[in-house]
Amino acid sequence: MRIKEISLRQDPDLRKELALLARGCDFVLPSRFKKRLRAFQQVQVQAKKEETLPPSLSQTIPTFYFPRGCPKEKVNIDAVIAKIERTFSQFPNERATLDDMGKVAKACECPLYWKGPLFYCAGGERTGYVSVHKFVAMWRKILQTCYDDAAKFVHLLMNPGCNYLVQEDFIPFLQDVVNSHPGLSFLKEASEFHSRYITTVIQRIFYTVNRSWSGKITCNELRKSNFLQNVALLEEEADINQLTEYFSYEHFYVIYCKFWELDTDHDLYIDRKDLARHNDHAISSRMIERIFSGAVTRGRKAQKDGKISYADFVWFLISEEDKKTPTSIEYWFRCMDLDGDGVLSMYELEYFYEEQCQKLDNMAIEPLPFEDCLCQMLDLVKPQYEGKITLHDLKRCKLTNVFFDTFFNTEKYLDREERDQFSMLRDGEGESQELSDWEKYAAEEYDILVAEEAVFKARLDGALGNLVWWEVSLPMAGGWNWAIFKVPSNPNHSVTLLLSRQCQSRSFFRISCH
């Protein structure tokens, strides 16, 4: 036993007792020392009780993290439920089908095209209808736990037990858009293209919204994006092509035509040789190898077979035609970062530039020495640290398209070399431009495709005779473009080849005989 009190240690009697204890003798404290020791211990206990702890920091910092949205104080849930019940009372047996869910969505104070997610979340897919009691129970729970549109939308689409959205979660929602939006009514007779249009829209959603590249869209990512605003615009805009960020059919038409031209066996997968033919072999083979390495693609099976899917091609084409967006900058940065250390070294830049020099030599064009090219690119990007370029450096640069094209796109590199530097700077400073580089490209390519179809129909009309009627239809963005042509019962060989060749390049021709 160790006694810390100095006054006790100095007592002569106690010191004698302690000495005896040290020699192994029995030790019994005199009563007066017991009382003093007990009093000392009580004082120590009281002193500890009187010590006040500082207030907890959590009591002084207000709550700032609301993963399901910030709670709203003035939401009258009972009033919303009463409005929903009145809406259901208009339906037979108070049951709503998918066609009725537009009214229910409005009663829930949601955009019209939330009707599909509302219907499926309430179990309507299993029975073909939703009862008022089941829907009210579902929506009341959402109102009590989700406090903004992003949280509600994720809850409606997500699988049970998840707090994020994967690509498959969007399929029922987008299928309902295809089935009911007036701007896509022409697709009702071409069901084989529903899945391809939906795949394109899903990839564009994840390309823009899923900033983490995780394949899982969270409430926070959805909240920071403009996707829900575009969903709300589906109700107001009858022309689907005006919604260029996600839903445009014209953009799908361009992407799918470009892919179909490369996919020679039409299995919806392309290999290295197929992709190399894009834009007349403009992309360097070293960059194509990086694309197929898995740096920017998903799907183990496709990577194992040395192919990329149509979904991967959507990401490639948008990134290739608009190298100024955050996702496209990340896309090409991942490809150029050979060792994955998060910076582009001078070695990595030289690795890609070597092939550019070889291509220019083959075209009888003298390439710029790498040292001179490097000086130009460093002046363009102005990296924070000498000798290496980071992703942050490129995102600060307004001419990232010039940087990337210099290292792996010969055609665009030469095109920019022919233009004066001032025009390039004007393009870089034009941040307030109405159309993005991708939107400009899609509009130009769509006009070219429409013109090609018009020329084809004119040639076909002039070549065919009068004996048999052939019907040719194209699902173009303005609707099915119907054209009736008179053909002889036994078309000559050249006309037959024309039909066959055109049908191979476009999957959406229907030719029937009457």
* If you go through region 257-266 one residue at a time, how many are within 15 Å of Thr199 (Cβ to Cβ) and touching a strand residue (DSSP E or B) at 6+ places or on another chain (Cβ under 6 Å)? -> 1
* Write out, first by first residue and then by second, each pair whose Cβ atoms fall under 6 Å of each other, whose residues are 6+ apart or on separate chains, and whose first residue, in region 211-223, is under 22 Å from Thr297 (Cα atoms) while the second is polar (S, T, N, Q) and surrounded by 17 or more Cβ atoms within 10 Å (Cβ to Cβ). => Ile217/Asn210
* Structure fact -> When Ser214 is run through (1) farther than 17 Å from His155 by Cα; (2) crowded, with 19+ Cβ neighbours inside 10 Å; (3) under 12 Å from the mean Cα position of the chain (by Cα), the failure sits at (2)
* Exclusive hit being in contact with a Ser or Thr (Cβ under 9 Å, 6 or more places away or on another chain) and without any contact (Cβ under 8 Å) to a residue 24 or more places away in the chain, set Asp312, Asp322, Asp267 -> Asp312
* Evaluate the following for Glu192: is it charged (D, E, K, R) and over 29 Å from Thr218 (Cα atoms)? => yes
* Structure fact -> Note on Asp176: of the conditions (1) acidic (Asp, Glu); (2) touching a helix residue (DSSP H, G or I) at 6+ places or on another chain (Cβ under 7 Å); (3) open to solvent by 50 Å² or more (accessible area, probe 1.4 Å); (4) farther than 22 Å from Cys70 by Cα, unmet is (3)
* Asked: Listed residues Glu236, Glu245, Glu261; which is farther than 15 Å from Ser185 by Cα, open to solvent by 50 Å² or more (accessible area, probe 1.4 Å) and within 20 Å of the chain's Cα centre (by Cα)?
  -> Glu245
* Asked: Before we move on, is Lys115 farther than 23 Å from Val177 by Cα and touching a helix residue (DSSP H, G or I) at 6+ places or on another chain (Cβ under 6 Å)?
  -> no
* Asked: Tally time: how many residues in region 181-201 are in a helix (DSSP H, G or I) and either touching a residue at least 60 places away in the same chain (Cβ under 8 Å) or at positive phi (or both)?
  -> 10
* Could you tell me whether Tyr269 is open to solvent by 10 Å² or more (accessible area, probe 1.4 Å) and touching a strand residue (DSSP E or B) at 6+ places or on another chain (Cβ under 8 Å)? => yes
* Structure fact -> Turns out the helices (runs of 4 or more DSSP H) fully within region 337-425 with at least 1 residues that are under 33 Å from the mean Cα position of the chain (by Cα) and in contact (Cβ under 8 Å) with a residue 40 or more places away in the chain are 346-362, 391-396, 400-408, 410-418
* Name the one entry in Asn409, Asn401, Asn362 that is open to solvent by 80 Å² or more (accessible area, probe 1.4 Å) and within 30 Å of Glu444 (Cβ to Cβ). => Asn362
* To do: Considering every residue within region 88-98, establish whether at least one is without any contact (Cβ under 8 Å) to a residue 24 or more places away in the chain, of a type outside the set (A, V, I, L, M) and surrounded by 10 or more Cβ atoms within 10 Å (Cβ to Cβ).
  => yes
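The values are calculated or read from the model by the stated rules, or taken from the named source; none is laboratory data. The shown structure was predicted, so the numbers you read here are calculated from the model rather than taken from an experiment. Note: ideal-geometry Cβ built from the backbone for every residue, glycine included; neighbour counts use all protein chains shown. Note: accessible area is taken over every heavy atom of the protein model, side chains too, but ligands, DNA and RNA are not part of it. Shrake-Rupley method; radii C 1.70, N 1.55, O 1.52, S 1.80 Å.
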